[in-house]
Amino acid sequence: MRGLKIAAVSVLVTGALYGCSPKAEDQAPGAPPVTVATPLRQQVVDWDEFTGRFEAVEAVDVRARVGGYIQGVHFRDGQMVQKGQLLFTLDPRPAQAALAQARAQVAQAQSQLSLARANLARSESLLASQAVSQAEYDSNKAAVQAAEANLEAANAATRTAQLNLDYTRVTAPVSGRVSDRRVDPGNLVAGGSSAGDVLTTIVSGGPIHFVFDGSEAIALKYMREGGSEQGAPVRIRLQDETEYNRTGRLDFSDNSIDTASGVIRLRAIVPNADGFLRPGMFGRAQVAGAEAYDALLVPDTAINTDQSRRTVYVVAADGSVTPKAVQLGPVVQGLRVIKSGLAPTDRVIISGLQRAAQPGSKVTPQNGRIQPVQQQNQAPAGPVTQAAPASSASFANSLSSGD
């Protein structure tokens, strides 16, 4: 009986195994599903990124042209002033006295000239009758010439004294925003030279410069493409901003490269109608590196690293997977520009890349679509000096639907 039971159990197990075999074959996994899409085709503009600071188009240290005591201040600290507006007055009395003395010397010189001319006229009439000698006549003639020279010198001294009196009124040399007063009324200041006391400073309003450094390679690139001469577009954001919403144009590149650092100074002109931008502010700029060009774009997640190469997986019509080596460009709105190695009709795996473990393996492609993702730029924590630019890009026209 025990042997019969064992035989029966064996038959049942064998039957069960044979019964399960077809079902196991039916459940064997097939080609794994992946999402594929053709690259997004779009016109793209490459942007070179720099860091720099804003500088005033005009910046002036206000000094008095003559020395003296400050008598009055005629502006509010930080206000906007116009060219020629009165800022300071110095005590004018010393200058007024000097002007009066100069005018008196003019009057004295005029009287001496009148006397010399009268003596010369008498000498001329007496010389004809030989009542005076030729030497006396020549002496009187020289006296007239000396008196005329003395009068010219006295007139020049008067003009100088008048200028010194005018200089006791210190006016704004340019229009712009004035700083605070550095000297209060009642103080004696030195003037008349670059070593004179600085009374205040003025920076011009309106457009403002953005100055930054670029590498020699960037300088060569812009010179060959004519960027600096043609006014390449510039986009700028401040350190607390996330978008490049301020625009300008490149208007200057220095005439030489700094041999110590290997960089060249570049400058852009930026509108500043509201006066919000101030000299010394830190900013980050993007300069259009080239004209718009047609580009293919794929998600960064579709790119695989194969040792030193970057590859994307392409699915053929029969479902087989083939890696393609590609050259990468910048990122624009979350998509990576593919400079070379990819065709517009290639079906790239954009999702499920980990399932396509081996080149040549079969997958089940499911059609997807590549769309740009709007990304906000993260502002740096603080000022950074950067000579070599980073690379970014933007679409040259409105976004179009993918293939």
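The values are calculated or read from the model by the stated rules, or taken from the named source; none is laboratory data. Nothing here was measured: the structure is a model prediction, and the numbers come from that model. Cβ placement follows ideal geometry from the backbone for every residue including glycine, while neighbour counts extend to all protein chains displayed.
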Yes/no for A95 being surrounded by 19 or more Cβ atoms within 10 Å (Cβ to Cβ) and either at pLDDT below 95 or under 30 Å from Q71 (Cα atoms) (or both) | yes
Pick from the stretch 304-321, criterion buried (at least 18 other Cβ atoms within 10 Å of the Cβ) and not hydroxyl-bearing (S, T, Y), ranking: nearest to the chain's Cα centre (by Cα) = V312
The condition of being of a type in the set (A, V, I, L, M, F, W, C), free of Cβ contacts under 8 Å to residues at least 40 places away in the same chain and either out of contact with any helix residue (DSSP H, G or I) (no Cβ under 9 Å at 6 or more places or on another chain) or outside any helix (DSSP H, G or I) (or both) holds, among A131, A107, only for A131
Is there any pair linking a residue in the stretch 43-54 that is over 20 Å from I269 (Cα atoms) to one that is crowded, with 21+ Cβ neighbours inside 10 Å and at pLDDT 85 or above, with Cβ under 8 Å and at least six apart or on different chains, and which?
-> Q43/A295; V44/A295; V44/L297; V44/V337
For residues that are over 12 Å from P32 (Cβ atoms) and surrounded by 16 or more Cβ atoms within 10 Å (Cβ to Cβ), tally how many sit in the stretch 347-367.
-> 3
When you look at G360, is it touching a residue at least 60 places away in the same chain (Cβ under 8 Å) and either within 38 Å of the chain's Cα centre (by Cα) or not in a strand (DSSP E or B) (or both), yes or no?
-> no
Selected residue (criterion: surrounded by the most Cβ atoms within 10 Å (Cβ to Cβ)) from residues of the stretch 226-242 that are touching a strand residue (DSSP E or B) at 6+ places or on another chain (Cβ under 7 Å), modelled with pLDDT under 90 and in a loop (DSSP other than H, G, I, E, B) = A232
What residue, among those in the stretch 332-346 that are closer than 12 Å to T38 by Cβ and not aliphatic (A, V, I, L, M), is nearest to the chain's Cα centre (by Cα)?
-> P344
Within the stretch 288-308, tally of residues that are under 30 Å from T35 (Cβ atoms), outside any loop (DSSP other than H, G, I, E, B) and hydrophobic (A, V, I, L, M, F, W, C) = 6
Across the stretch 255-285, what is the number of residues that are closer than 23 Å to V60 by Cβ and modelled with pLDDT under 90?
-> 3
Pick out the one residue from D240, D197, D213 that is outside the structural domain of G275 (by TED's automatic domain parsing) and under 29 Å from V178 (Cα atoms).
-> D197
Cβ-Cβ under 6 Å pairs, at least 6 apart or on other chains, the stretch 205-225 side under 28 Å from P279 (Cα atoms) and at pLDDT below 90, far side in a helix (DSSP H, G or I) and among the polar types (S, T, N, Q) | Y222/S228
Which condition number in (1) within 18 Å of the chain's Cα centre (by Cα); (2) surrounded by 16 or more Cβ atoms within 10 Å (Cβ to Cβ) is the one that F252 fails?
-> (2)
Filter the stretch 66-82 for residues that are in contact with a strand residue (DSSP E or B) (Cβ under 8 Å, 6 or more places away or on another chain) and assigned to a loop (DSSP other than H, G, I, E, B); which is surrounded by the most Cβ atoms within 10 Å (Cβ to Cβ)?
-> V66
State all residues of the stretch 266-293 that are under 12 Å from the mean Cα position of the chain (by Cα), farther than 30 Å from M80 by Cα and not polar (S, T, N, Q); if no residue qualifies, say none.
-> V287
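Per-residue answers, yes or no, for (1) more than 17 Å from D213 (Cα to Cα); (2) in a loop (DSSP other than H, G, I, E, B); (3) touching a residue at least 60 places away in the same chain (Cβ under 8 Å); (4) in contact with a Leu (Cβ under 6 Å, 6 or more places away or on another chain):
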{"site": "F252", "(1), (2), (3), (4)": "no, no, no, no"}
{"site": "I257", "(1), (2), (3), (4)": "no, yes, no, no"}
{"site": "I264", "(1), (2), (3), (4)": "no, no, no, no"}
{"site": "G283", "(1), (2), (3), (4)": "no, no, yes, yes"}
{"site": "Q286", "(1), (2), (3), (4)": "no, no, yes, no"}
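For (1) within 30 Å of I208 (Cβ to Cβ); (2) over 41 Å from the mean Cα position of the chain (by Cα), each residue gets a yes or a no:
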residue: S114; (1), (2): no, yes
residue: S123; (1), (2): no, yes
residue: Y137; (1), (2): no, yes
residue: N140; (1), (2): no, yes
residue: R159; (1), (2): no, yes
residue: V170; (1), (2): yes, no
residue: S175; (1), (2): yes, no
residue: P185; (1), (2): no, no
residue: G192; (1), (2): no, no
Across the stretch 335-346, what is the total count of residues that are in a loop (DSSP other than H, G, I, E, B) and buried (at least 20 other Cβ atoms within 10 Å of the Cβ)?
-> 2
Counted residues, the stretch 197-225 - those being of a type outside the set (K, R) and part of a helix (DSSP H, G or I) | 8
